[in-house]
Amino acid sequence: MDMSFKEKSAWISLFSTLGIFGYYFYNIALLHGAPAELAKEAALELLLKAIILSVVVEVIFHSVLSATNYKAAEFGSDERDKMYEYKANNIGYTILVIGVMLTLGRIIIVEYNPDFADHNSSMQIPLLTAHILMFSFILSEVVRFAGQIFYYRRGY
Amino acid sequence: MVEFHIVNRVREKRFFANEMTQQDLAERIGVTRQTIMAIEKGKYSPSLEVAFKIAVVFGCPFEEVFTYELL
């Protein structure tokens, strides 16, 4: 498979995001029913670990990619790369906005109906609102990278 | 409905330009080799600017390289 530098970069970002944040959300889901204070600490620790690991993995893999494709890395993006990036960004941004709107809706509902969240939420996870927002962000990133790869493979 | 699509003769033009490589053409017009490959396969329609640059590299009129034809 003959891939451009930017496509390889998108594959790296997609797999690292899916792997690291997949592990993160899996562990967050396991906090269901855990004592609130303990779960809060665990969630914060998980978030920090995921962010640091994500940065480290991206830096290492992109450094290796740049070192093995230094000419392409220096060249940067051409018009096709920019167009695919722009189109994928549009889709990712739409998902992020939907996630933010849903989070805002949840904050407002819980604010006016404090009992609503406690009695009706099937997920008793501390910082749930923050996790929903984080999930929207990660989902938008995954869709953005997948969108770029989709356009590179299918063409446009 | 009548549908048109962009047809290009970049591969043919490269052949008659002393078998110019995709990399060579890419460097001359400032795109990646993969973009030239995508153009030749018809998977990507370049901007007008890049299309004109390709015609200039081969020293021929634009319509000799790119045409708009019935599907």
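The values are calculated or read from the model by the stated rules, or taken from the named source; none is laboratory data. For clarity, every value in this text was computed on a predicted model and none was experimentally measured. All Cβ positions, even for glycine, are placed from backbone atoms using ideal geometry, and neighbour counts span all protein chains on display.
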Q. Within the set of pairs 6+ apart or on separate chains, which have a first residue in the stretch B:1-25 that is modelled with pLDDT under 95, a second that is of a type in the set (A, V, I, L, M, F, W, C) and surrounded by fewer than 12 Cβ atoms within 10 Å (Cβ to Cβ), and C-beta atoms under 8 Å apart?
A. B:V2/B:L70; B:E3/B:L70; B:E3/B:L71; B:F4/B:L70; B:F4/B:L71; B:H5/B:L71
Q: Quick one: in the stretch A:1-23, of everything that is free of Cβ contacts under 8 Å to residues at least 60 places away in the same chain and more than 29 Å from B:Q22 (Cα to Cα), which residue is farthest from the other protein chains (Cβ to nearest Cβ)?
A: A:Y23
(Q) For the stretch A:69-84, give me the residue count where each residue is more than 7 Å from chain B (Cβ to nearest Cβ) and free of Cβ contacts under 8 Å to residues at least 24 places away in the same chain. (A) 5
Q) Any chance the stretch B:40-47 includes a residue that's among the aromatic types (F, W, Y) and over 12 Å from A:E79 (Cβ atoms)? A) no
Q: Provide a single number: the residues in the stretch A:65-97 that are at pLDDT 95 or above, of a type in the set (V, I, T) and exposed (fewer than 14 other Cβ atoms within 10 Å of the Cβ).
A: 2
Q. Of all the residues that make up the stretch B:27-47, how many are more than 8 Å from every other protein chain (Cβ to nearest Cβ), of a type in the set (A, V, I, L, M) and more than 13 Å from B:N8 (Cα to Cα)?
A. 1
Q) Of the conditions (1) away from chain A (no Cβ under 12 Å); (2) under 24 Å from A:D81 (Cα atoms); (3) within 12 Å of the chain's Cα centre (by Cα); (4) surrounded by 14 or more Cβ atoms within 10 Å (Cβ to Cβ), B:F62 fails just one. Which one is it? A) (4)
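Each row is one residue, and each column tells you yes or no for (1) surrounded by 19 or more Cβ atoms within 10 Å (Cβ to Cβ); (2) of a type in the set (D, E, K, R); (3) within 30 Å of A:R153 (Cβ to Cβ); (4) modelled with pLDDT of 95 or more.
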| residue | (1), (2), (3), (4) |
| --- | --- |
| A:S4 | yes, no, yes, no |
| A:F15 | no, no, yes, yes |
| A:I28 | yes, no, no, no |
| A:A36 | no, no, no, no |
| A:L44 | no, no, no, no |
**Q.** Residues that are under 24 Å from the mean Cα position of the chain (by Cα) and among the aromatic types (F, W, Y), drawn from the stretch A:69-92
**A.** A:Y84, A:Y86
